[in-house]
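The values are calculated or read from the model by the stated rules, or taken from the named source; none is laboratory data. Everything numeric here is computed off the predicted structure, so don't read it as measured data. Note: ideal-geometry Cβ built from the backbone for every residue, glycine included; neighbour counts use all protein chains shown.
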Amino acid sequence: MADTVVDPRPDRGGPAQPLVIAKSLKRHFTISKGLFGMKASAVRAVDDVSFTVEKGETLGIVGESGCGKSTTARILVGLTPIDSGDLIFDGEQLGGDLTLKDLWAGVQMVFQDSYASLNPRLTIEDTIAFGPRMRGTSTDDARALAHELLTRVGLAPERFAGRYPHELSGGQRQRVNIARSLAIRPRLVILDEAVSALDKSVEAQVLNLLTDLKAEFGLTYVFISHDLNVVRYISDRIMVMYLGEVVEIGPVEKIWQRRAHPYTAALFAAMPSMDPDDRTEVPPLAGDPPNPIDPPSGCRFHTRCAFAEPMCGTARPTAMPVAGDADHMAACHMLDPASGHSRAAARIAELAA
Amino acid sequence: MASIGTSIAASGPPKAVVRSKGYWSGVGARLRRDPVALVFGTFLFAIIGAAIFAPYLGLQDPYAGSMVSRLKPVGTPGHLLGTDELGRDMLARLIYGGRLTLLLGLLPVLFAFMIGTVLGVLAGFVGGLVNAVIMRTVDVFFAFPSVLLAIAISAALGAGIINSIVSLTLVFIPPITRVAESVTASVRNLEYVDAARISGASAFTVVRVHVLGNVVSPIFVYATSLTSVSMILAAGLSFLGLGVKPPEAEWGLMLNTLRSAIYINPLIAALPGVMIFITSLCLNLLSDSLRTAMNIKD
Amino acid sequence: MLIYFLQRLVSVIPVALGVSLICFMLVHIAPGDPLTAVMPVDATAEQQAEMRAAYGFDKPLPVQFVLWLGNALTGDLGTSIASGRPVADEVMRAVGNSLILAFFASAIGFPLGILFGFLAGTYKNGVVDKVITGIAIAGVSVPNYWLGMVLVVIFSVSLGWLPSMGAGPGGSTEWAWDWEHLRFIILPAITLAAVPMGIVTRTVRALVADIRSNDFVTALYAKGLMSRHVVAHVIRNAAPTALSVVGIQLGYLLGGSILIETVFNWPGTGFLLSNAIFQRDLPLLQGTILVLALFFVVTNLLVDLAQPLIDPRIRRT
């Protein structure tokens with residue numbers, strides 16, 4: 001039985017080897033405009049993004065819509081090709097030793113739209129069994145696996161296996177999507193706004209399910225959401241993106257204590273708080289993010305930043321450790337003593353306190 | 001870490017599951033509740049059935065004429081629907097005529113449906129240069145009104161059954177390709193296609209299982225809406241002398257050869273057209289019903 | 001806006017070229033030699049070669065296409081094999097008559113279709129809707145060459161009110177704006193109008209019903225607007241799509257009239273075409289189809305260019 005069921009891609013580098021290393025990922029979408037399509041311009045959806053995903057952790061990615069978090073997710077799962085940069089999965093480089101097919105044996109994704117991500121013409125069990133069958137599992141075994149997984153995500157197979165997607169609720173459909181993503185036994189699951197469309201009570205149930213499954217199957221998650229509370233609940237580390245760039249990354253509690261980048265601070269300030277003592281002094285974000293077709297020069301946030309100085313519009317900030325902690329990095333001129341920003345010294349001292 | 005593979009053995013064989021009704025059985029149930037579909041479906045069924053089984057219906061020879069009994073009126077003993085300009089039995093010729101007219105009308109749509117679906121799905125799924133080549137060619141054919149294109153190709157190829165089918169197929173490939181391309185392009189961007197791709201299936205399997213199943217029904221409904229036009233055009237080609245040649249029984253050709261009889265026996269002369277009209281009406285109404293039953297919006 | 005116009009204008013060029021190529025190829029997909037129809041059976045090989053060279057059929061295909069296209073651009077569509085007259089002259093004379101027929105058919109079919117569609121869409125599922133839907137589906141289902149015959153039987157043969165064929169008294173082929181000529185166009189125009197009437201009715205009905213089910217129409221009623229004000233909103237929203245359907249049908253009227261012109265012996269392009277088919281006069285066939293197809297392309301272009309004038313949504317892009 002065991003050899004008919006797809007085995008997960010074995011661990012190669014040991015626990016110290018990050019599961020994913022993303023180096024300078026770039027993805028620009030060209031859109032042609034003008035009379036003969038000559039005036040081509042590019043949406044810089046993801047521009048020079050680097051980060052790692054450690055084995056067994058949950059990395060939360062947050063940011064406003066259009067910041068590149070979904071494109072990053074699609075890059076990680078190989079659905080969107082990169083223009084430049086390196087994607088290394090457990091020590092193997094995509095396009096080198098690692099083919100897309102290999103990547104798909106280790107990485108799966110759960111999409112936001114629970115309905116659009118299920119084929120309306122296939123029954124639930126056929127949808128879940130599709131992946132294993134494509135990988136050589138026999139029809140009967142694949143169906144047994146599908147029933148097993150349905151049970152595991154809380155849907156009784158006797159009742160749900162033969163149903164079509166339109167007969168299920170949003171929460172049930174998302175459980176099916178989770179079961180489908182687990183069916184080929186991946187090591188990394190990308191959850192792209194996977195609970196955002198659900199009711200709050202259903203969302204909580206699905207989040208708990210995800211937490212249980214992670215422990216049970218030894219998974220690693222990349223969890224994308226615009227809901228900071230949810231991200232805080234499920235993530236070990238958080239990555240904040242703005243206009244296709246990473247502005248801050250670090251362990252969740254450290255970022256909660258020290259919001260080093262003004263954008264992170266503004267994003268958190270916009271989050272409604274239940275605690276009247278937890279007042280914010282940070283001005284909330286005004287207006288929409290600038291057009292990613294023609295992003296601002298220098299620090300991309302300078303057009304909306306309360307602390308922006310002329311130098312912010314010319315020089316691009318590099319990621320600096322926050323309070324000397326290399327786990328917590330942020331890209332802001334105020335964290336760089338050599339940047340020339342007038343507030344730099346004060347800000348560094350403030351964060352070190 | 002729990003292993004799913006090992007726990008299957010413990011859980012035994014899959015339990016019996018309640019299977020929901022599939023999409024097509026739902027469509028069938030809705031069609032059976034539609035009175036228009038029932039009535040005109042029965043009508044069309046009768047016309048097609050009579051055409052297929054014409055030799056077994058005890059009809060007179062549709063080719064045997066008689067110089068003495070030409071253009072006999074409807075109701076003549078022995079000739080229920082009268083006789084044509086060469087004294088041949090109209091009832092037999094009308095029923096036999098359905099064979100060629102329906103064949104010439106329906107086959108091109110069937111062929112165009114198959115070819116157009118392949119081209120459109122290819123263009124919609126692959127995109128890029130393939131899409132550009134296919135769709136720009138389609139645009140050029142679209143620049144011709146369908147009647148004109150059918151007549152132009154038939155006129156160039158010359159009269160004949162095969163040429164008539166070829167030219168009508170060419171006429172209907174572009175519109176079907178266009179519909180197939182746009183439906184495919186919209187399905188391609190749905191997340192279940194992405195999910196199928198990352199499950200490791202080949203592009204061909206993704207198209208076969210996840211794209212085709214969801215695009216074929218709107219394309220099919222669109223194709224059925226073309227059958228009436230196709231049949232009218234097919235009969236029209238014969239009417240112009242570009243399709244079937246005498247002495248074959250074919251509604252368009254019969255209409256043509258009976259034209260001179262409108263001064264003598266107008267009812268007889270109009271009968272082949274009545275057949276075309278009724279059949280085309282049935283095809284259009286059924287296509288509308290099918291569209292409603294399949295819940296397809298434009 | 002200007003960019004939109006220019007884009008549309010430029011995009012027509014490849015389509016027009018493709019259309020020309022198809023028309024050119026018509027002669028060459030034909031079985032046999034286009035000259036056999038006019039060549040004497042006992043022509044010597046020399047005579048045949050001479051004829052072939054005279055018509056340019058001895059050169060390679062791409063060269064022939066470029067030459068043919070160059071000639072077509074300067075208004076030279078070749079010589080009719082059957083009549084020996086320039087194809088361009090024959091087509092131009094016929095196009096005028098076809099345009100007049102299309103004009104009258106439009107004047108009957110489009111207003112009627114729009115009115116019917118509007119009524120049916122407004123009173124959807126009522127008795128009016130049922131009757132109109134029935135008329136419309138009959139309109140799109142009827143073989144119009146047969147409808148022409150039926151009208152002739154009723155109005156010419158039985159009642160004797162209207163002439164059954166021709167374009168004017170005494171076999172005249174020149175159109176004039178008087179009752180004597182008008183009598184001749186009534187039956188063919190009605191016949192030709194049937195299909196576009198049905199299609200426009202069905203389109204407008206669906207459009208109007210769809211718009212009326214929109215939230216903004218409910219909101220208009222909720223605001224206390226009179227139904228005639230709401231009608232104005234509905235018309236404004238239905239107009240762009242209705243216009244494009246009418247535009248396409250206009251093109252079809254010209255190209256689709258061939259069978260009807262044959263039934264009524266109307267001396268237009270369709271009649272010309274059926275003569276060309278009958279005599280296997282391929283240059284005439286080719287030239288007529290080219291002119292008709294290009295006319296269709298230009299009609300579609302004009303409709304596209306008119307769209308932004310009535311649809312603010314296009315203006316903004």
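Structure values in brief
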{"item": "Residue within the range C:56-79 that is more than 30 Å from C:SER20 (Cα to Cα) and either away from chain B (no Cβ under 14 Å) or part of a strand (DSSP E or B) (or both) present", "result": "no"}
{"item": "C:ARG228 being within 14 Å of chain B (Cβ to nearest Cβ) and farther than 25 Å from C:PHE103 by Cβ", "result": "no"}
{"item": "Breaking point among (1) modelled with pLDDT under 90; (2) within 30 Å of A:ARG173 (Cα to Cα); (3) not hydrophobic (A, V, I, L, M, F, W, C), for A:ASP278", "result": "(2)"}
{"item": "Selected residue [surrounded by fewer than 21 Cβ atoms within 10 Å (Cβ to Cβ), away from every other protein chain (no Cβ under 12 Å) and part of a helix (DSSP H, G or I)] from B:ALA270, B:ALA185, B:ALA180, B:ALA223", "result": "B:ALA185"}
{"item": "Qualifying residue in the range C:190-210 (condition: among the charged types (D, E, K, R), away from every other protein chain (no Cβ under 14 Å), surrounded by fewer than 19 Cβ atoms within 10 Å (Cβ to Cβ) and more than 24 Å from B:ASN256 (Cβ to Cβ))", "result": "no"}
{"item": "Residues within the range C:277-294 that are modelled with pLDDT under 85 and not basic (Lys, Arg), tallied", "result": "6"}
{"item": "Looking only at the range A:159-209, and only at residues there that are part of a loop (DSSP other than H, G, I, E, B) and of a type in the set (Asp, Glu), the one that is farthest from A:CYS67 (Cα to Cα)", "result": "A:ASP199"}
{"item": "Members of the range B:76-85 found to be crowded, with 16+ Cβ neighbours inside 10 Å and not acidic (Asp, Glu), listed by number", "result": "B:HIS79, B:LEU81, B:GLY82, B:THR83"}
{"item": "Test result for A:GLU216, within 14 Å of chain B (Cβ to nearest Cβ), farther than 22 Å from B:GLY22 by Cβ and either crowded, with 19+ Cβ neighbours inside 10 Å or modelled with pLDDT under 90 (or both)", "result": "no"}
{"item": "Some residue of the range C:123-138 being of a type in the set (Gly, Ala, Ser), within 30 Å of C:ALA16 (Cβ to Cβ) and part of a helix (DSSP H, G or I)", "result": "no"}
{"item": "Number of the condition not met by B:LEU253 [criteria: (1) at pLDDT below 90; (2) within 7 Å of chain C (Cβ to nearest Cβ)]", "result": "(2)"}
{"item": "Failed criterion for B:LEU285 (all others in (1) buried (at least 23 other Cβ atoms within 10 Å of the Cβ); (2) facing chain C (nearest Cβ under 10 Å) hold)", "result": "(1)"}
{"item": "Single match in C:PHE296, C:PHE271 (criterion: in contact with a Gly (Cβ under 7 Å, 6 or more places away or on another chain) and of a type in the set (Phe, Trp, Tyr))", "result": "C:PHE296"}
{"item": "Check on A:THR99, under 22 Å from the mean Cα position of the chain (by Cα) and within 26 Å of A:PHE89 (Cβ to Cβ)", "result": "yes"}
{"item": "Filtered residues of the range A:151-172 (kept if away from every other protein chain (no Cβ under 11 Å) and either within 13 Å of A:ILE128 (Cα to Cα) or surrounded by 18 or more Cβ atoms within 10 Å (Cβ to Cβ) (or both))", "result": "A:VAL153, A:LEU155, A:GLY171, A:GLN172"}
{"item": "Some residue of the range C:233-247 being more than 10 Å from chain B (Cβ to nearest Cβ) and in contact with an Asp or Glu (Cβ under 6 Å, 6 or more places away or on another chain)", "result": "yes"}
{"item": "Per-region count, the range A:134-147, residues more than 23 Å from B:TYR23 (Cα to Cα), surrounded by fewer than 23 Cβ atoms within 10 Å (Cβ to Cβ) and free of Cβ contacts under 8 Å to residues at least 24 places away in the same chain", "result": "2"}
{"item": "Selected residue (only one of A:ARG133, A:ARG143 is modelled with pLDDT of 90 or more and either facing another protein chain (nearest Cβ under 8 Å) or in contact with a Phe, Trp or Tyr (Cβ under 9 Å, 6 or more places away or on another chain) (or both))", "result": "A:ARG143"}
{"item": "Among (1) in a helix (DSSP H, G or I); (2) at pLDDT below 90; (3) of a type in the set (D, E, K, R), the one test that B:LYS245 misses", "result": "(1)"}
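To keep it simple, each residue is scored yes or no on (1) buried (at least 18 other Cβ atoms within 10 Å of the Cβ); (2) more than 28 Å from B:CYS282 (Cβ to Cβ); (3) out of contact with any helix residue (DSSP H, G or I) (no Cβ under 7 Å at 6 or more places or on another chain).
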{"residue": "B:TYR63", "(1), (2), (3)": "no, no, yes"}
{"residue": "B:SER69", "(1), (2), (3)": "no, yes, yes"}
{"residue": "B:VAL74", "(1), (2), (3)": "no, no, no"}
{"residue": "B:ILE95", "(1), (2), (3)": "yes, no, no"}
{"residue": "B:THR101", "(1), (2), (3)": "yes, no, no"}
{"residue": "B:PHE113", "(1), (2), (3)": "yes, no, no"}
{"residue": "B:GLY127", "(1), (2), (3)": "no, yes, yes"}
{"residue": "B:ALA132", "(1), (2), (3)": "no, yes, yes"}
{"residue": "B:SER146", "(1), (2), (3)": "yes, no, no"}
